[in-house]
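The structure appears below as structure tokens.
The values are calculated or read from the model by the stated rules, or taken from the named source; none is laboratory data. The shown structure was predicted, so the numbers you read here are calculated from the model rather than taken from an experiment. Heads up, the Cβs are rebuilt from the backbone with ideal geometry, glycines too, and the neighbour counts pull from every protein chain shown. Each accessible area value is taken on the protein alone, full model and side chains, heavy atoms only, with ligands, DNA and RNA left out. Shrake-Rupley method; radii C 1.70, N 1.55, O 1.52, S 1.80 Å.
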Amino acid sequence: MNLFRHPTTWVFVDDESRFLDSLKEYLPSDQPALFFDDPSVAENELRAISQRGVTKKLDSHFDIGSLQRFVTDIRRFSQVSVVIADYAMPGCTGIELFEILSDLKIQKILLTGVADESTATLAFNAGTIDRFIKKGERSAVEKILSYSRKLEDLWLSDHQQTLNVGNDMEDALRSNQFAGYFSSQCKQRGIVEYYFCDEPLGFLCLDVSGQQMFFALARERDFMDCLELLRTTDCPAQIIQTVEKREALTLLFETREVVEGYDWSYNTVEIVEVIPGELWGGFHHAPPIDVDYDPSRHSFHALQSEGQ
């Protein structure tokens, strides 16, 4: 599982306008996309997007401060992860277009005819393209969507190699057990973006409208550290008991130097065991996180509204 995810843009290049129109009908409504019937125009736009500097260089970790810089920049959705181009286009084949764009960090899918399959195979083996699809086959559109999603995951993965979460946490977060649970929870809650955060530990999550949620994570040592501190405070006994039972975690968001009037309930998250004996997690749906985020300007819904 990737440690962060946000929608990225897919680019389609084909001189057949009818084919592009048909793709628009099949493409999910929440997928940013650009369509070009002229490869030279597509090249110019892709370079313009790249030169606008929308690709972010990640730090070795994500704290709330660095996350604020990222999630308040709506250009994150304009980053192009996948380009899908037809092979047979006047003036420039799809392979030639991809060779021209070889300096850009994008994933490439070539659409071919039956006669072009051997050429596409050579291009794939040479690393010029990442996938190719026979344009005329019945499952072509389904393959375009499936391959694009998988290649987008690879693109996102390439852009988070510098994130350092520690070997023990890395193994747990990338396990099938955690990925399956977290993905199902994101789908259930309509989450379209999530970002790993190491302070506080968990994932900052955003739905399509920009509502913030925080998926708090806890390991056994986090419970022990929390309990050691709680026993020196005026924490309500009921909350201490839930922490002892590994059913909740507290002292998550506000200062650990607990002051008078500290809102224990608000800073406590109910959690469940995700990986037995190893990792627990749970959602806080109104986290007191200091991120200057305006859903009307910074959310994926804002991007969709802007494009209408």
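Details
- The label-point distance for Arg246 and Ser157, in a model that sets each label 7 Å from Cα toward Cβ, rounds to 2.9 nm.
- The chain: antiparallel DSSP beta bridges as a percent of all, rounded to 5: 55
- Per residue accessible area in Å² of segment 126-285, where ligands, DNA and RNA are left out and the probe is 1.4 Å: 50
- Cβ-defined net charge surrounding Thr112, 9 Å radius [Lys, Arg +1; Asp, Glu -1]: -1
- Qualifying trypsin sites (Lys or Arg not before Pro) in segment 67-128, where qualification requires a DSSP coil assignment and no more than 15 other C-beta atoms within 10 Å, comprise Lys105.
- From the coordinates shown, Cα extents along the principal axes in Å corresponds to which of (i) 75, 37, 31; (ii) 54, 46, 44; (iii) 97, 44, 41: (i)
- Charge dipole of the chain about the Cα centre (unit charges at C-beta), most positive-ward option of Leu23, Met213, Gln241: Leu23
- Taken over segment 65-159, the ratio of Cα radius of gyration to 2.2 N^0.38 Å equals 1.22.
- Between 0 and 90 degrees, the angle of helix 220-230 with respect to the longest Cα principal axis of the chain falls at about 40 degrees.
- Rounded to the nearest 20 debye, the dipole size of the chain about its Cα centre is 540 debye, using +1 on the Cβ of Lys and Arg and -1 on the Cβ of Asp and Glu.
- In this Cβ point-charge picture (+1 for Lys and Arg, -1 for Asp and Glu), segment 86-192 has a dipole of about 460 debye about its Cα centre.
- Distance between modelled label sites at Ser265 and Lys150, nm, 7 Å Cα→Cβ extension: 4.9
- The long axis of helix 17-26 is offset from the longest Cα principal axis of the chain by roughly 20 degrees.
- Computed over the chain, the per-residue total of -39500 (n - 2.57) for DSSP H runs of n ≥ 4 gives a 222 nm mean residue ellipticity of -11000 deg cm²/dmol, rounded to 500.
- All other residues whose Cβ lies under 15 angstrom from that of Gln177 are scored, Lys and Arg at +1 and Asp and Glu at -1, for a net of -3.
- Modelled this way, with points 7 Å down the Cα-to-C-beta line, the labels at Lys105 and Asp168 are 3.1 nm from one another.
- Nearest-ten-degree value, helix 39-51 long axis tilted from longest Cα axis of the chain: 30
- FRET efficiency for Asp30 and Ser118, using Cβ-Cβ distance with R0 set to 45 Å, rounded to 0.05: 0.75
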